[in-house]
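Shown next, in C-alpha cells, is the structure this report addresses.
Derivation of every value follows stated rules applied to the coordinates shown; laboratory data play no part. Given the structure is predicted, the values throughout are model-derived calculations rather than measurements. Because the Cβ atoms are built from the backbone with ideal geometry, glycine has one as well, and the counts that use them run over all protein chains shown.
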Amino acid sequence: MTEQLIPTRRAFPADDPIFALNAEAQGRKAQGESILNATVGALLDDSGQLVVLESVMDLWRELGALDVAPYAPIAGDPAFLKALVQRHWPSLGSAGSACATPGGSGAISLSMRNFLEVGQQVLTTAPFWGPYATMAAENGLGLVTVPWPEVDQPLDAAAWAQALHTLLKTQGRVLLLLNDPCHNPSGRSLSPADRQALAGVLREASALGPITLLLDFAYLDYTRDPAFVAAALADYAKLGAEGCVLVGASMSLSKSMTLYGARCGAIAFPWCADPALQAALTQSCRGTWSNCARAPQALLLRLAQDGKAQARLAAEHRHWSDRLASRATALDAALEAEGMAPLHWQGGFFVTVPAEDPEAVGARLRAEGVFTVPLPEGLRVGICGMKATEAPRLAQALRRGLR
Ligand SMILES: Cc1ncc(COP(=O)(O)O)c(C=O)c1O
C-alpha cells in the first residue's frame, strides 16, 4: 500500500482486542478444548444461545411496511424520543433537546462532537467501557478518568472535584460520561451517598464553567434492585431540573430490547429546551448518519401504546435479571470459597476482578481455557455469557492466576 492510501493519520490496532479474544476462545472450543468464555458482551442463556426477548420480537413481527421503509425524521420521530425518555423518567412531559442515534454509541459520540473542541479531554470513570477511548480518539479528543468507587468504599469526592477543577481551568468546559447505575465493567452502581456527594461536587465546580453530565444508561433493565435504579434516576432528574449542570442521557435499545443489531437509541437533554442545542444535535445527525433506522423507533412507539406488551417485557427483564443475579451470586460464593473477595454485582452484564497485572493474569487463565478481558484495573468477566455452574472453575483459575 502506498503512503497515500493509508486511511488517516492515526495508528489503528490490528483488531478489536475483545473480538480477538473471543475468536481465540471459539477456535479452541471448535478444536474440542473445554473453554470457559467470559468475554462475551451480550446476554446468553445457559445453553449459550443469544437471549432475544419474545415480547420485543412479537412487536417486531407486527411492524408494517410504513414502519420500516420510509426515512425517519433527521432527529428521529419526536414521539419515539418522548416515549424513550418516558421509559426512564415517566413523569416528564417532553424529551427536551433530543435526537435519535444509532444505539448509545451514537449518543456518546455525538456528545463528544458537540460539547468539546478538538484536542480537549473527555472525563469519565476508571474503569470504563473501552470504546469511550476509541470514540474520543475518533473525535480528536483525549480521555481522563476519575476513580469509580471500590467495593464498599465511598466516592472519592476530592479526586472528582480536583479533576473537574483542572479541566475547567485548562479547557473551560467539561463533558463527564457517567455510566450509572449498573456500571460496565464493575457491575456496581454509585450509592445514594455517592450521588449526593457527586451532585455537590458538580454544583460547586459549575461556578467555574459549563459542565455537561451525560448519563450512559446501557443496562438499567438488568438489575438486582429496580427500586434502587428508579431512585438513582430520580436523583439525576433533580440535578437536571436544577440546571447548574446540563444533564443528558444516552439511551439504547440494544440491551433493553435485545435489539443490538437494530442500532437504535437517543441522546436527550430533557431539562433543556434551548433551540441552539437542538439545532446542533440535528445538524450533527444530518452530517454523520443523515437519519437513523425507522423500524426500532416504530417498535418502541408500539410498546409505549401496548400495556400488555409492557407487562410481558417487564416480566422478561425480571427473569433475566434474576438469572444474572444468580450467576453473580454463584461467582461471589466461588470467589469466597477460594479465599477471594466477593464482587457485589448490582446490575449490568459484567463484573471486574481486581488484579495488579491483568494482562499476565489473563494470559495464565487463557492457558487453562478460561477467557476474561484484561482491563487496566483487572479482569472483566461477562456474567451475561457464562453459567452459574462455571463459577467454581473461574474462581479456581483466578486463584491460581492471581498468584
Ligand atoms: C457502558 C456502555 N455504554 C454504551 C454502550 C452502547 O451500546 P449500543 O451502541 O449498542 O447502544 C455499551 C455497549 O456495550 C456499553 O457497555
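According to the square roots a ≥ b ≥ c of the eigenvalues of the Cα gyration tensor, what is the shape class of the range 131-285, taking rounded for a/c under 1.5, prolate for a/b larger than b/c otherwise, and oblate for the remainder?
Judged from the Cα gyration tensor, the range 131-285 comes out rounded (a/c under 1.5).
Rounded to the nearest 0.05, what FRET efficiency is calculated for A157 and A241 with R0 set to 25 Å and r the Cβ-Cβ distance? Display every interim value, and only then the final one.
Working: r = 22 Å, r/R0 = 0.88.
The pair A157/A241 has a calculated efficiency of 0.70.
By the gyration tensor of its Cα atoms, with a ≥ b ≥ c the square roots of the eigenvalues, what is the shape of the chain: rounded for a/c under 1.5, prolate for a/b over b/c, or oblate? Could you put the intermediate results ahead of the total?
Working: a/c = 1.40, a/b = 1.22, b/c = 1.15.
Taking the square roots of the gyration eigenvalues as a ≥ b ≥ c, the chain is rounded.
If you take the beta carbon distance between V51 and S94 as r and set R0 to 30 Å, what does 1/(1 + (r/R0)^6) give as a FRET efficiency, to the nearest 0.05? Provide the component values of the computation, followed by the final result.
Values: r = 33 Å, r/R0 = 1.10.
E(calc), rounded to 0.05, equals 0.35.
Mind scanning K238/K387; K169/K255; K82/K255 and naming the pairs with a C-alpha gap bigger than 30 Å? Present the calculation step by step, with values, prior to reporting the outcome.
Details: K238/K387 39 Å; K169/K255 37 Å; K82/K255 19 Å.
Listed pairs above 30 Å: K238/K387; K169/K255.
R302 to T166: FRET efficiency via 1/(1 + (r/R0)^6), r the Cβ-Cβ distance, R0 35 Å, to the nearest 0.05? Intermediate values should be presented prior to the final figure.
Numbers: r = 47 Å, r/R0 = 1.34.
According to the calculation, E is roughly 0.15.
Run the simple label-point estimate for E368 and E204 please: 7 Å along Cα→C-beta, distance reported in nm.
4.6
Once both labels are modelled 7 Å past Cα along the beta-carbon direction, what's the E138-A230 spacing in nm?
Spacing of the two 7 Å Cα→Cβ label points: 3.6 nm.
Rounded, prolate or oblate: which fits the range 213-256 when a ≥ b ≥ c are the square roots of the eigenvalues of the alpha-carbon gyration tensor, with rounded for a/c under 1.5 and prolate only if a/b beats b/c?
Numbers: a/c = 3.85, a/b = 1.48, b/c = 2.61.
Taking the square roots of the gyration eigenvalues as a ≥ b ≥ c, the range 213-256 is oblate.
Under a plain spin-label model, where a point goes 7 Å from the Cα along Cα-to-Cβ, how far apart in nm are H344 and W289?
Here the answer is 3.6 nm between the modelled labels.
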